[in-house]
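Worksheet: one structure, shown below.
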Amino acid sequence: MVQSRKVLERIQPYSPGKPIWEVQKELGLNQVIKMASNENPIGPSSKALEAITKNLSTINRYPDAAALKLKEALADRISVKVDQLIVTNGADELITLISETFLEAGDEIIVPSPSFSEYDFGAHIMGAAVVPAKLGQNFEYDIEEILKAVTDRTKIVYLCSPNNPTGTYLPKQLFQELLERLPREILVVFDGAYAHYASAENYTDGIEYILSGYPVLVLQTFSKIYGLAGVRVGYGAAREDIIQRVLKVKEPFNVNVLAQAAATAAIYDEAHVDFSKKVNEQGRSQLYKAFSEMNVRYVESMSNFVLIKIDGNAKSFYEKLLAKGIIVRYGAIWGLPDYIRVSIGTYEENAAFIQAMSTILNERIEAI
Ligand SMILES: *Cc1c(COP(=O)(O)O)cnc(C)c1O
């Protein structure tokens, strides 16, 4: 046996939402609806598709290692400088790169819990420890819990806002207070994968705190509202000195030609972003209304998914939805065994989900 590194023993395999083809095959279903990975249900921007088509004949060439066109477009959009940006193969790659840049074995990261599992993954591959900081009773952020978790070994604090899987967010005043009270040697990674969906007036996407000099690294992705999960593009924005260090561990050609072209086009497709946001807001209302009618408790979401409390056996509820061809996420992976998380779909997908839920709930009542 070739021995692998000891730290790998701590790594749990990532558990993705089941793909549509797998459920079709396993259950012999034709019609399967995926509401499990927070993808954009209306599809990619047509401008991104055109850009991919236009660039197909150039794939014999390596991509631009600096992704300069995309960075220029981003700099234009979010008012940071090109040197304050890094483009990566999905935001997941960026989490790994941040970990490789800043974490020594024995260091600590603080992660509000429950949250996105990739932060833990990044720490574990480096031999660093994960220190969870509990979210509140209704999954709201509690900065005192985060501050209490700080030690001499803390290197990174992760803040996902809106948070996956809860949909709750960190209000701007609290974020600012947290930044003021944290030691300046700690990197704050602000994961804004769902920033476009957040409509609360006191929401911040974190960018303004980069400009005012805080050690904040804002992480974003093209996988969610931009509808490009399949081509893998994400990016980070932070002070130049932070970005330049992360760039040291990046492979030169990490983002492929088609992904760079698609993302650059998608940024400028405002109509697609606006429409996606609108479909999501309407879907959220559609689901909330149905949940209230069915007496189902849920966590109010600033994102494109909703965490739902299931009275009784949530795992069997998840399985019954699956048997009806609807893929959601069962909450046990986040330590939430009484919950499921549903990604907001199109009007028709939401309606099918509501219908399936209502059928399962009625069957349960009859069974009692
Ligand atoms: C989806 C997601 C990401 C980014 O995913 P990529 O597809 O790798 O860009 C990052 N953070 C959170 C919380 C997410 O849900």
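What the table shows:
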| read-out | value |
| --- | --- |
| Subset tally (residues that are farther than 17 Å from V157 by Cα, within 11 Å of the ligand (Cβ to nearest atom) and hydrophobic (A, V, I, L, M, F, W, C)) for region 205-224 | 1 |
| Residue satisfying condition, being more than 19 Å from G227 (Cα to Cα), away from the ligand (no atom under 16 Å from the Cβ) and of a type in the set (G, A, S), within set A65, A51, A123, A73 | A65 |
| Condition met for D92 (charged (D, E, K, R) and within 16 Å of the ligand (Cβ to nearest atom)) | yes |
| Restricting region 15-48 to residues that are of a type in the set (K, R) and either assigned to a loop (DSSP other than H, G, I, E, B) or within 16 Å of the ligand (Cβ to nearest atom) (or both), the residue that is modelled with the lowest pLDDT | K18 |
| Test: residue in region 71-85 that is modelled with pLDDT of 95 or more, assigned to a strand (DSSP E or B), crowded, with 16+ Cβ neighbours inside 10 Å and aliphatic (A, V, I, L, M) | yes |
| Within region 95-110, considering residues that are of a type in the set (S, T, N, Q) and within 16 Å of the ligand (Cβ to nearest atom), the one surrounded by the most Cβ atoms within 10 Å (Cβ to Cβ) | S99 |
| Qualifying position, being among the charged types (D, E, K, R) and surrounded by 15 or more Cβ atoms within 10 Å (Cβ to Cβ), among K278, K309, K289 | K309 |
| Answer residue from region 225-254, given it is over 28 Å from E39 (Cα atoms) and without any contact (Cβ under 8 Å) to a residue 60 or more places away in the chain and is farthest from the ligand (Cβ to nearest atom) among those | D241 |
| In region 205-233, the residues that are touching a Leu at 6+ places or on another chain (Cβ under 8 Å), farther than 19 Å from T101 by Cβ and surrounded by fewer than 24 Cβ atoms within 10 Å (Cβ to Cβ) | Y209, V231 |
| Hits in region 254-273 (condition: among the hydroxyl-bearing types (S, T, Y) and in a helix (DSSP H, G or I)) | T264 |
| Test: residue in region 46-63 that is surrounded by fewer than 19 Cβ atoms within 10 Å (Cβ to Cβ), small (G, A, S) and either touching a residue at least 60 places away in the same chain (Cβ under 8 Å) or touching a helix residue (DSSP H, G or I) at 6+ places or on another chain (Cβ under 7 Å) (or both) | yes |
| Residues being at pLDDT below 95 and loosely packed, with under 13 Cβ neighbours inside 10 Å - total across region 324-368 | 6 |
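A quick yes/no check of all residues on (1) basic (K, R); (2) without any contact (Cβ under 8 Å) to a residue 24 or more places away in the chain; (3) in a helix (DSSP H, G or I):
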| site | (1), (2), (3) |
| --- | --- |
| T101 | no, no, yes |
| I110 | no, no, no |
| Y119 | no, no, yes |
| Q137 | no, yes, no |
| Y141 | no, no, no |
| P165 | no, no, no |
| Y169 | no, no, no |
| Q176 | no, no, yes |
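The values are calculated or read from the model by the stated rules, or taken from the named source; none is laboratory data. Since we're looking at a predicted model, the values are computed, not measured. FYI the Cβ positions are ideal-geometry reconstructions off the backbone, even for glycines, and counts take in every protein chain you see.
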